[in-house]
Amino acid sequence: MTAYTPPPGQQFPPPQMPYVSVPPPYGSAPPMPPPGPRQYGKLAAMVLAPFVSRGLYRDVARNWGGIAALYLFLLLAITWAATMVRLHVGFTAFARDEFPKLADDIPPITIKDGVVSSPVEQPYEIKDKQTGKVFAVLDTTGTVNTLDDTPAMILLTQNKLHSRDHNANQTKSYDLSQIKNFYLDKQKVIGWMNASSKVLFPILYVPALLGSFALRLIQALIYGGIAMAFASMFQVRLTYAAAMRLAIIAVTPVILLDTIFSLTGVNIPFWTLLGIVIALVYLAIAVRANHDPAWMQPPMQPPTHPPYMPPQMQQPPMPPPGRPAF
């Protein structure tokens, strides 16, 4: 007797996993569009930065390159030049018109081998013409030996120069024994002042520009991190370089206002704190201006395939009656 062979079972297709639409994480969202041509140059950006230009903010974030360091350097070079010109003009006028009146009381002073001498009667006092207070004393006779004997700020004795620091509440003394030959009178002092007024601009301009540039770059690094926090808050895609560029644009109005106040002599209470607040407000607006729904995560898509439902298993047919199953 042959064994019963069941009919071949039904062939089922391989199971398919159900399609689930999962949005990609924020870091794998579509990248920012490639940079295009600049719409605003550096000078135009300086002019438009205080006026909350949305187009400028988008252009800086998307189309500018680097961290806008050259823009920052140019901005500081212009503002410091304006400040130094005003300082130079004011100092030159003081050296020409006011200082000769102050130097009129300076007597002839000679230092020979560390010994001070002068032909004027001593103790000789130089007073402030506006307040009448004694500013300096010359005494080589020994009548006045220390600043404790006079309210003056400067005391020149036979072999020492004494100075008083009111802020630190202390006095300092300088030994003149190493000076071999020195001569001073009012004409020589006026000549020194006039020469100083001519070189004041180049002497102060370069250190001021480089120092402020370094400090502003550090500020841009810090504000760039804050801009990235704003970007996360407003759901804006930014690189850190773009965030630093927006930070530099955001501090531009503060730099310009600071220059205007310096040129006009206006003193704003708590200006440093107020300037920080203004820059952060501009920074938040600049970041928010770069919000673009096209950069957001793609929406959830419905499944393109129906979920897999395994077919019901079919039992093999029962053998005919009377035939044993082996």
With r defined as the distance between the Cβ atoms of residue 291 and residue 81 and R0 fixed at 35 Å, what FRET efficiency is calculated, to the nearest 0.05? 0.40
Provide the solvent-accessible area of residue 272, counting protein heavy atoms only and rolling a 1.4 Å probe, rounded to the nearest 10 Å². 110 Å²
Heavy atoms of residue 117 accessible to a 1.4 Å probe, total area in Å² rounded to 10: 60 Å²
Please compute the contact order of the stretch 185-287 in relative form: average sequence separation of alpha-carbon pairs under 8 Å and at least six residues apart, divided by the residue count, as a percent. 28 percent
Hey, if we sort 78, 222, 106 by accessible area with the 1.4 Å probe, largest down, what's the order? 222, 78, 106
For labels at residue 206 and residue 263 in the simple 7 Å Cα→Cβ model, what's the distance in nm? 2.5 nm
Rank 245, 288 by accessible area, highest first, at a 1.4 Å probe radius? 288, 245
Pop a pseudo-label 7 angstrom from the Cα along the beta-carbon direction at both residue 135 and residue 277 and give the gap in nm to one decimal. 4.1 nm
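Quick one: ranking 217, 176, 43 by accessible area, 1.4 Å probe, largest first, what do you get?
The residues order as 43, 217, 176, largest area first.
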Cα centre as origin, Lys/Arg/Asp/Glu Cβ charges: the stretch 73-133 dipole, Debye: 260 debye
Keeping all protein chains in position, work out how much accessible area residue 47 exposes to a 1.4 Å probe, and write it in Å² to the nearest 10. 90 Å²
Expressed in nanometres to one decimal, the distance between label points 7 Å along Cα→Cβ at residue 182 and residue 215 is 3.3 nm
Evaluate the charge dipole of the stretch 163-248 about its Cα centre and quote only its size in Debye, nearest 20, assuming +1 on the Cβ of each Lys and Arg and -1 on the Cβ of each Asp and Glu. 160 debye
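The values are calculated or read from the model by the stated rules, or taken from the named source; none is laboratory data. None of the values given here were measured: they were computed from a predicted structure. Ideal geometry is used to build each Cβ from the backbone, glycine not excepted, and the neighbour counts take in all protein chains shown. Just the protein is used for accessible areas: all its heavy atoms, side chains included, with ligands, DNA and RNA removed. Shrake-Rupley method; radii C 1.70, N 1.55, O 1.52, S 1.80 Å.
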